[in-house]
Amino acid sequence: MSDDKEVAYYSAKVNAWFNTKLEYDKSLLVLSAGAIGLLVTLLTTIGVNSFALLLVFFASIISFIVCLITVLTIFSRNAKHLEELIAGRVKDDPILGFLDYLSIISFTLGVLLAAIIGLATATDNVILREANMSDKKDSNQAISKESFNGASNLGSTIEKKSFNGAHNLIPPKKPDTNSTDNSQSGQNQSPDSGNKK
C-alpha cells in the first residue's frame, strides 16, 4: 500500500513538473505573440519621430519573433524527446537546453526594449505637451500685449486730437452793416457827383 502511495506521489510530481514546463512555454508563446501585435499596432498608429526609436521597435519585434519561433521549436522537440524516453533511450537533449536558454534571453530582451519604447514615447508626449502649453502661453501673452498696446496713450490722444482745431468752429465775424452800407453808398455817389460837376 505504501508503494502504491509512493508511485502515485511520484506520478503526481512528474505530472506537475511537465505541466509547469508546458505552462511556462505556453506563457512565453502567448506573451510574445501579444507583444508583437501591440508593437506593430503602436508603430502603425502612433509612429516614430526618430530613427533610433525605429531601430528599437524593430529590435524588440525581432526579439519576440525569435522567442516565438524558439518556443514552437521546443514544442516540436519535446514530442521527440518524450518518444525517446518511452523507447528507453534516456539522454539529455542539448538542443532543447539551448532553446530554453534562447527563449528566456530573447523574451527578456524584447520586454526591456518594449519598456524603452514605452518610456521614450511617454517622454516625447510630455515634451510635446509642455511645448504646446508654452506656445499657447506665449501666444496669449503676445495677444494681451498687442491688443492693449498703446492704451496708456488714449487719454493724451483724446485730449490732443479730439478737440484739436476746435477754434475753427467759431463762426466768422459779421461785417458791420453801417460801414459797408456807407462805403457802398460812397462808391455809388462818387461817379454821379463827378458827372454833376
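The values are calculated or read from the model by the stated rules, or taken from the named source; none is laboratory data. All values derive from a computational prediction rather than experimental measurement. Cβ coordinates were reconstructed from backbone atoms using ideal geometry, including for glycine residues, and neighbour counts include every protein chain displayed. Note: areas computed on protein heavy atoms with side chains; ligands, DNA, RNA excluded. Shrake-Rupley method; radii C 1.70, N 1.55, O 1.52, S 1.80 Å.
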If you plug each phi of segment 11-22 into the Karplus form 6.51 cos²θ - 1.76 cosθ + 1.60 with θ = phi - 60°, what whole-Hz ³J(HN,Hα) values come out, in order, with x for Gly and Pro? 4, 5, 5, 5, 4, 5, 5, 5, 5, 5, 4, 5
Separation between the ALA33 and ASN125 pseudo-spin-labels, each 7 Å from Cα along Cα→Cβ, expressed in nm? 2.8
Gained length - ILE95 relative to VAL14, 0.36 nm times residue gap less alpha-carbon distance: 27.0 nm
Would you check segment 1-107 for Lys pairs whose C-alpha atoms are within less than 17 Å, ignoring same-chain pairs closer than 8 in sequence, and give me the count? 4
Whole Å is fine, so just give me how far the alpha carbon centre of segment 22-75 lies from that of segment 98-131. 10
From most to least accessible, 1.4 Å probe, no ligand or DNA/RNA atoms counted, ARG129, ARG89 line up as ARG129, ARG89
Go through VAL40, VAL7 and list them by solvent-accessible area, largest first, probe radius 1.4 Å. VAL7, VAL40
As a test question: what accessible area, to the nearest 10 Å², does ILE86 have when a 1.4 Å probe is rolled over all protein chains in place? 150
Residues listed by number, segment 49-69, amide nitrogen under 12 Å from VAL40 label point at 7 Å toward C-beta: 61-62, 65
Can you tell me the equivalent ellipsoid semi-axes for segment 62-134? Use √(5λ) from the Cα gyration tensor, largest first, whole Å. 45, 9, 6
